[in-house]
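Below: the structure, in C-alpha cells.
The values are calculated or read from the model by the stated rules, or taken from the named source; none is laboratory data. If you're wondering where the values come from, they're calculated on a predicted model, not measured in any experiment. Cβ: placed from backbone, ideal geometry, glycine included. Neighbour counts: every protein chain shown. Heavy atoms of the whole protein, side chains included, go into the accessibility calculation; ligands, DNA and RNA do not. Shrake-Rupley method; radii C 1.70, N 1.55, O 1.52, S 1.80 Å.
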Amino acid sequence: EKGGYASFMLKEIAEQPKAVTDTLLGRIDPEGTLHLDEVRITRGELREVDKVVIVACGTAYHAGMIAKYAIEHWTRIPCETELASEFRYRDPILDPHTLVVAISQSGETMDTLMALRHAREQGAKVLAICNTNGSTIPRESDAVLYTHAGPEVAVASTKAFLTQLVACYLVALYLGQVRGTKWGDEIRTVIRQLSEISGSVERVLETMEPVRELARSLASHDTVLFLGRHVGFPVALEGALKLKELAYMHAEGFAAGELKHGPIALIEDGVPVVVVVPSPAGRSVLHGKIVSNIQEIRARGARTVVIAEEGDEEVVPYADHLIRIPATPTLLQPLVATVPLQVFACELATARGNEVDQPRNLAKSVTVE
Ligand code: M6R
C-alpha cells in the first residue's frame with residue numbers, strides 16, 4: 001500500500017501536486033471566480049465578519065500562521081492565529097462577527113475541538129478546514145471546507161499541510177472576493193496563479209536529490225537552525241518541527257529579524273542554518289534584509305543552506321548549499337518552499353536509522369488535551 005515507496009511519508013510527499021490540484025478542483029471557474037457555496041456561511045454573514053481568529057496545533061498551526069498574512073493582505077480584516085491549546089484559557093474576545101477558523105487534518109485533535117467549542121459558546125461562527133470527512137471537528141462546526149489530500153498515514157504531516165495552505169488561501173481570496181476589496185485585480189491574478197501552482201510543486205520534487213545528499217551529510221549534527229521572514233517564518237518553524245519529530249534533533253525556527261535579539265549567539269563554527277529566502281520580486285526590502293542575515297551568520301561560521309527562487313543571484317555568494325525553488329508569488333511561496341524541508345527531514349531521519357512513519361512518542365491524532 002506504500003505504492004513502491006520506502007515509507008508512507010515519501011509516498012505522501014510525492015502525492016502533493018495531486019493533493020493541491022484536488023483541493024482546488026471544482027472551486028475555481030474558468031473565469032477565475034471562486035465558488036465555495038459548500039461553505040455554509042452566507043455571503044451576508046461573511047461581509048459582516050470583523051475579525052478572523054485561526055486555531056490549530058502543530059503543522060496545522062503553521063498553516064494558520066501563513067493564513068494570517070494572506071487574510072490580512074487580501075481582505076484587510078484583522079486576523080490572529082493562536083495555538084488551539086492556549087486559546088480558551090485566556091478568555092478570548094469573541095462575538096457573532098468573529099469568524100473562527102479551526103484547521104485540523106484529522107478532525108479529532110482535542111485541543112482544537114475544545115477551542116472551537118469555546119468559540120461557539122461565545123457566539124462566534126466556526127469554519128473548519130479539515131481532511132477527514134465526517135470527523136468531529138467539522139461535525140461540530142458551522143461550516144467546513146474540506147482539503148482533498150486523501151488519507152495521510154505518516155505521523156508527520158506533509159500533503160495535509162500543503163492542502164491546508166490551499167484551503168486557507170481559498171478562504172482568504174473568497175473573503176476578499178465576497179467583500180470586494182481594492183485588491184480585486186490582484187485577487188483574480190492570484191486565483192489564476194494558485195490554479196497553476198501544482199506544476200511548481202512537481203518541479204521541486206524533481207530536483208530533490210541534492211537535498212537528500214545534503215541531509216545525509218548532516219546526520220551526525222546535533223542542531224539545525226531555520227530562518228525565514230514574512231510567510232517564510234512559519235515555513236522555517238515547519239522545517240524545524242519536521243526535523244524534531246522525525247530526526248529527534250534539536251531544531252529551531254526563527255524570524256530572521258529576531259537573530260540580533262538573541263539567537264545569533266547560537267551561531268558557531270559549522271552549525272547548519274537553513275534560510276528560506278523571500279521572493280526577490282515585489283518584496284525587495286525583505287529580500288535585502290535576509291541577504292544581510294545570511295552574510296552575518298556565515299561570517300560567524302554557520303554552514304548556510306539557502307532556499308531561494310530561480311533567478312535570485314544575489315544569494316549565490318553566501319550559500320554553502322543552494323536549493324532552488326521556482327519563482328512564486330510571495331504569499332504562495334510556502335507551497336513550494338516547504339517541500340525541500342520535508343524531504344530534508346525525512347532523509348535525515350532515515351540516515352539516523354529512525355522509523356519515519358511512526359516517530360517515537362507521537363501519535364497521528366492527539367485526542368487528549
Ligand atoms: O490532525 P491535526 O491537523 O489537528 O493535527 C495537528 C498536529 O497534531 C499535527 O499537525 C502534528 O503537529 C504533526 N505530527 C506534525 O507533523
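Structure above, values below:
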read-out: Sole exception among (1) polar (S, T, N, Q); (2) open to solvent by 10 Å² or more (accessible area, probe 1.4 Å); (3) more than 16 Å from the ligand (Cβ to nearest atom) for Thr304, by number; value: (2)
read-out: Filter result for Ser365 (over 30 Å from Ile191 (Cα atoms), within 16 Å of the ligand (Cβ to nearest atom), among the small types (Gly, Ala, Ser) and open to solvent by 10 Å² or more (accessible area, probe 1.4 Å)); value: yes
read-out: Candidate set from the stretch 58-80 (those that are within 14 Å of the ligand (Cβ to nearest atom) and not aliphatic (A, V, I, L, M)); member that is nearest to the chain's Cα centre (by Cα); value: His62
read-out: Count of residues meeting criterion [away from the ligand (no atom under 14 Å from the Cβ) and of a type in the set (A, V, I, L, M)] in the stretch 129-144; value: 1
read-out: Single residue of the stretch 12-36 satisfying the filter (free of Cβ contacts under 8 Å to residues at least 24 places away in the same chain and of a type in the set (D, E, K, R)) that is least open to solvent (accessible area, probe 1.4 Å); value: Asp29
read-out: Failed item in (1) of a type outside the set (A, V, I, L, M, F, W, C); (2) within 16 Å of the ligand (Cβ to nearest atom); (3) within 21 Å of Leu165 (Cα to Cα); (4) open to solvent by 10 Å² or more (accessible area, probe 1.4 Å), with Gly239 passing the rest; value: (4)
read-out: Residues of the stretch 194-217 that turn out to be open to solvent by 60 Å² or more (accessible area, probe 1.4 Å) and either in contact with a Pro (Cβ under 6 Å, 6 or more places away or on another chain) or not in a helix (DSSP H, G or I) (or both), as a count; value: 4
read-out: Complete set of residues in the stretch 108-128 that are outside any helix (DSSP H, G or I), free of Cβ contacts under 8 Å to residues at least 60 places away in the same chain and either polar (S, T, N, Q) or within 16 Å of the ligand (Cβ to nearest atom) (or both); value: Gln122, Val126, Ala128
read-out: Qualifying positions in the stretch 148-186 - crowded, with 24+ Cβ neighbours inside 10 Å, β-branched (Val, Ile, Thr) and not in a loop (DSSP other than H, G, I, E, B); value: Thr163, Val166, Val171
